[in-house]
Amino acid sequence: DAGVAHRKNLGLLREIMCQESTKFKNVWTTHSASPIAYERGRIYLDNYQCCISSIAQEPRILYQKPKCSKSEKIEDALLLECPLGEMLPSPSDYKSSLIVLTVQNWLLRLSADSGEILEKIYLAGSCCKFRYLSWDTPQEVMVVKSAQNKLPAAARQVSIQQSALFYLAVFQVLPLSFIGMLEINKKIFGNSVTDVAVSNGILIVMYSMGLVRLYNFQAISEQFMEQPFDLGHEFNWNGQVGVVGKYPFGLPCNIKITDTPPLLFEASSLENAFQIGGYPWHYIITPNKKKHKGVFHICSLKDNALAKNGIQDMKCCSLEPDWIYFHPDMSGRIIHVGPNLIKVLKLKEVKNNADQMEIAEDFTIVANRENCVNNTVTVTASGRVVKKRYNLLDDDPEQETFKIVDYEDELDLLSTVAVTQIGADGKAHLDFHCNEHGILLKSIPLLESWDVTFSHEVYFDRDLVLHVEQKPNRRFSCYVYQMVCDTAEDE
């Protein structure tokens with residue numbers, strides 16, 4: 001069984017990586033005037049025109065495409081990897097590919113290694129502008145979402161009514177096949193819709209007043225599908241004759257929601273923040289009032305009952321809010337991150353009451369603030385008493401503060417980035433923790449200065465660490481670290 005050998009190899013890699021003698025060396029740095037993206041060992045520059053492999057000892061260019069025009073600009077991208085144990089129609093399907101969405105509504109599947117166009121689908125004309133790619137089911141079902149439809153100012157002045165707010169096109173991937181396209185219409189869903197998504201078979205509709213409504217997407221597509229269409233086949237639709245996915249016709253909007261679909265669930269939450277997870281199923285919301293910002297309620301999806309100890313509030317005084325989410329390791333646990341504290345929480349049955357669940361701490365990770373004393377009253381050498389007029393914030397940059405928490409699924413490690421900034425100089429380190437117990441296994445200093453006022457992303461992928469920084473005026477930097485096992489000669 002290849003899977004057993006693969007898991008054993010990853011276990012060995014984790015052991016080697018966490019050894020004291022193992023270091024992470026900065027092997028490559030680059031700067032760019034456009035955003036830098038990273039996907040599974042590949043670094044993308046110049047709006048995906050340049051692809052660099054980060055797996056080699058020193059990153060090397062995989063391909064460099066000619067500079068494209070503004071009309072070919074890529075809006076969004078997803079990495080597509082071959083599903084295991086399935087027969088696919090084309091040999092190219094077995095290799096990784098990149099699905100990209102261009103500004104002119106073209107959906108392209110590119111070879112991840114050469115940038116060659118493998119498939120090309122035209123989505124729609126100027127009636128809507130597609131802008132976002134996301135997974136409904138990772139590596140199985142993909143969703144292409146339009147920007148919110150807004151009338152031009154001239155049309156609004158003469159009171160022209162437009163009911164379509166968003167369009168969603170849904171595809172099965174590898175082989176790429178068209179499931180259907182639907183519009184989110186204000187006549188069906190109301191005027192105050194602000195956003196929409198499809199995730200795990202659920203259509204999620206968000207409203208301006210903090211309301212979130214969930215619908216069964218599969219039931220909607222079965223009930224309101226007017227006619228199924230296959231890519232590349234001729235169609236006659238509403239008087240138009242063309243080929244599905246070809247210019248100028250694109251894709252037909254063949255899922256017409258004519259009546260309000262059955263509601264699965266609704267909740268009201270501040271800023272539409274709503275998450276589902278855990279076992280049995282629970283959801284996390286913030287009560288829909290600004291004074292409750294930073295307070296999280298964990299409730300049962302079955303009956304809306306608040307779990308015992310289900311109100312989580314770190315009571316931190318900080319510029320940046322704390323954040324909470326279900327652990328991506330599918331354990332059903334919850335990660336709650338504050339400026340100086342990371343709590344990993346678990347759901348468990350209340351003693352003598354199997355119907356109720358309670359929230360208990362699994363483990364906590366605390367920032368290193370041993371030398372931090374926050375006295376409101378100090379005494380000078382001459383004996384004069386000085387009172388501070390304010391307390392330090394919990395995320396004061398001069399104190400070690402958690403900025404990023406992530407999970408490396410292949411090595412089963414929880415990674416944290418903690419930063420301390422004194423003056424213009426900020427020092428950051430990436431720590432690896434045992435995902436099961438939270439024990440610190442390894443700490444890696446990041447050599448470049450870290451300014452907390454800039455935007456940062458850190459990717460930890462097997463034996464690679466990648467730091468992408470966005471400075472003012474859209475200047476981007478990328479720092480690549482690779483695992484190095486020290487030898488006696490090096491020392």
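The values are calculated or read from the model by the stated rules, or taken from the named source; none is laboratory data. Computed from a predicted model, the values in this text were never measured in an experiment. Cβ: placed from backbone, ideal geometry, glycine included. Neighbour counts: every protein chain shown. In case anyone asks, the SASA skips ligands and DNA or RNA and just uses the protein heavy atoms, side chains included. Shrake-Rupley method; radii C 1.70, N 1.55, O 1.52, S 1.80 Å.
Here each label is just a point 7 Å from Cα along the line to Cβ, and for Val350 and Cys82 those points are 5.2 nm apart. Candidates Phe229, Phe166, Ser177 compared by Cα position along the dipole of the stretch 164-245: farthest toward the positive end lies Phe166, with charges placed on Cβ. Between the stretch 183-224 and the stretch 239-288, what is the C-alpha centre distance in whole Å? Using only Cα atoms to place each centre, the spacing works out to 4 Å. Of the residues Lys289, Lys315, Lys8, Lys65, the one with the largest accessible area comes first in the ranking Lys315, Lys8, Lys289, Lys65, computed with a 1.4 Å probe on protein heavy atoms. With a 1.4 Å probe rolled over the protein heavy atoms of all chains, the accessible area of Tyr459, Tyr279 falls in the order Tyr279, Tyr459, largest first. The accessible area of Ser32, taken with all protein chains in place and a 1.4 Å probe, comes to roughly 20 Å². Straight-line cross-link partners of Lys23 among the lysines, defined as a Cα under 18 Å from its Cα and at least 8 positions apart when in the same chain: Lys427, Lys442. With R₀ set to 22 Å, the beta-carbon distance separating Asp409 from Leu441 gives a calculated FRET efficiency near 0.85.
Each of Asn473 and Lys290 was given a label point 7 Å from its Cα along the Cα-to-Cβ line. The distance between the two points is 3.5 nm. Multiplying the residue separation of Ala305 and Gln240 by 0.36 nm and removing their Cα-Cα distance gives an extension gain of 18.2 nm. Pair-distance distribution of the stretch 16-110: all C-alpha pairs, bin width 5 Å, starting at 0; shares per bin in whole percent are 2, 10, 17, 20, 16, 14, 9, 6, 3, 1, 0.
The lysines whose alpha-carbon is closer than 20 Å to the alpha-carbon of Lys293, local same-chain residues fewer than 8 away aside, are Lys315, Lys343, Lys403. Report the paramagnetic label zone for Lys67: residues of the stretch 31-58 whose backbone N is under 17 Å from a point 7 Å from Cα along the Cα-to-Cβ axis. Under cut-off, by backbone N: 32-35, 45-51. A 1.4 Å probe run over the protein chains yields, for the chain, 54 Å² of accessible area per residue, whole-number rounding.
A simple spin-label model places pseudo-atoms 7 Å from Cα toward Cβ; at Met225 and Thr30 they are separated by 4.2 nm. Over the chain, the alpha carbon radius of gyration divided by the compact-protein estimate 2.2 N^0.38 Å works out to 1.10. Note on Lys187/Ser208: beta-carbon distance plugged into 1/(1 + (r/R0)^6) with R0 of 25 Å gives a FRET efficiency of 0.90. Sorted largest first by accessible area at a 1.4 angstrom probe radius, with every protein chain in place, the residues Thr420, Thr286 fall in the order Thr420, Thr286. Does a label point 7 Å from the Cα of Glu271, set along Cα-to-beta-carbon, have any residues of the stretch 198-220 with amide nitrogen under 19 Å, and which are they? Within reach of a label on Glu271: 205-213.
Relative to the current alpha-carbon distance between Thr453 and Ser318, full extension at 0.36 nm per residue lengthens the span by 47.2 nm. Taking all protein chains as they are arranged and a probe of 1.4 Å, the heavy atoms of Arg131 leave approximately 90 Å² accessible to solvent. In the context of the full protein assembly, Trp323 retains an accessible surface of approximately 80 Å², using a probe radius of 1.4 Å and ignoring ligands and nucleic acids.
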